[in-house]
1. Provide the net charge surrounding MET132, with neighbours chosen by a C-beta distance below 9 Å and charges set as Lys +1, Arg +1, Asp -1, Glu -1.
2. Could you give the length gained by full extension between ALA13 and PHE166, i.e. 0.36 nm per residue of separation minus their alpha carbon distance, to one decimal place?
3. Roughly how many debye, to the nearest 20, is the charge dipole of the stretch 31-90 about its Cα centre, given +1 on each Lys and Arg Cβ, -1 on each Asp and Glu Cβ, and no other charges?
4. Say a paramagnetic label sat at a point 7 Å from the Cα of GLU138, along Cα to Cβ; which residues of the stretch 30-68 have their backbone N under 17 Å from it?
5. Quick check: residue separation of LYS99 and PHE147 times 0.36 nm, minus the Cα distance between them. What number comes out in nm?
6. Just to be sure I understand the rule: take each whole DSSP H helix in the chain, project its Cα atoms onto its long axis, keep it if the span is 18 Å or more and its mean Kyte-Doolittle hydropathy is at least -1.0. Which ones pass?
7. Rounded to the nearest 500 deg cm²/dmol, what is the calculated helix-only ellipticity per residue at 222 nm for the chain, with -39500 (n - 2.57) per DSSP H run of length n ≥ 4?
8. Less than 16 Å apart at the alpha-carbon level, and either on another chain or at least 8 residues along: which lysines does that give for LYS160?
Amino acid sequence: MSKEWKSVDDVPATAENAPSMFLDYFYPIHYSIGMRVEAGLRACGKLDRNQTVIMWILRSEAQRRGQSSINRKEVVKLMTNWYDVTSSSVSKALRALSKDPLNFIEIHEDPHSGREKVIEMTPAGEKHCEEMIASACEVIKRITDNFSVEENQMGVFMFKRMDDEFSKIRS
């Protein structure tokens, strides 16, 4: 890792060494920055970590898929891919999100399977996600305020490209 790079043109990345160079930045991005962003998402103070992750999955996957609901099994799969959590912990978090005082989600029977459940965010849940986004954006803004317009554009574009490519190999 080099702190001497002043522009994208200074980065000595090649097809051969790019994977290693990306890996050098995995820890600082995933853990250091990622944990701060996650803390920003939780800063509203209403939800625990599992509930926050569920709300973020619902919001993100709804945007990605253009759908307003997601199967419970898919939420469990995505959460266990994100971090170590049991199916029963997910069920407990889902129940809490669906009841008073939160009422952020509704859980319905899947019309294609009597055994499967479908989860949909309520208007209260959507409002809470907006609060989560505003809070997390304050964390991210502390970083992006130090970037040029071009660096912000490049960063967002690279996140999109990485998501596109990882989506191709997602299991």
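1. On the way: positive: ARG42, ARG59; negative: GLU130, GLU131.
Result for the local shell: 0.
2. Working: separation 153, 0.36 × 153 = 55.08 nm, distance 1.94 nm.
Computed gain between ALA13 and PHE166 is 53.1 nm.
3. Values: 10 positive and 5 negative charges, 30 e Å.
For the stretch 31-90, the charge dipole is close to 140 debye.
4. From the stretch 30-68, the list is 36-47.
5. Values: separation 48, 0.36 × 48 = 17.28 nm, distance 4.20 nm.
Net length gain for the segment: 13.1 nm.
6. Span-like helices here: 49-65, 123-144, 149-169.
7. Numbers: 7 runs with 99 residues, N = 171.
So the calculated ellipticity at 222 nm is -18500 deg cm²/dmol.
8. Within the straight-line cut-off, LYS160 pairs with LYS168.
The values are calculated or read from the model by the stated rules, or taken from the named source; none is laboratory data. Since we're looking at a predicted model, the values are computed, not measured. As a convention, Cβ positions derive from the backbone with ideal geometry for all residues, glycine included, and neighbour counts pool all protein chains shown. Calculation scope for accessible area: heavy atoms of the full protein, side chains included, ligands and nucleic acids excluded. Shrake-Rupley method; radii C 1.70, N 1.55, O 1.52, S 1.80 Å.
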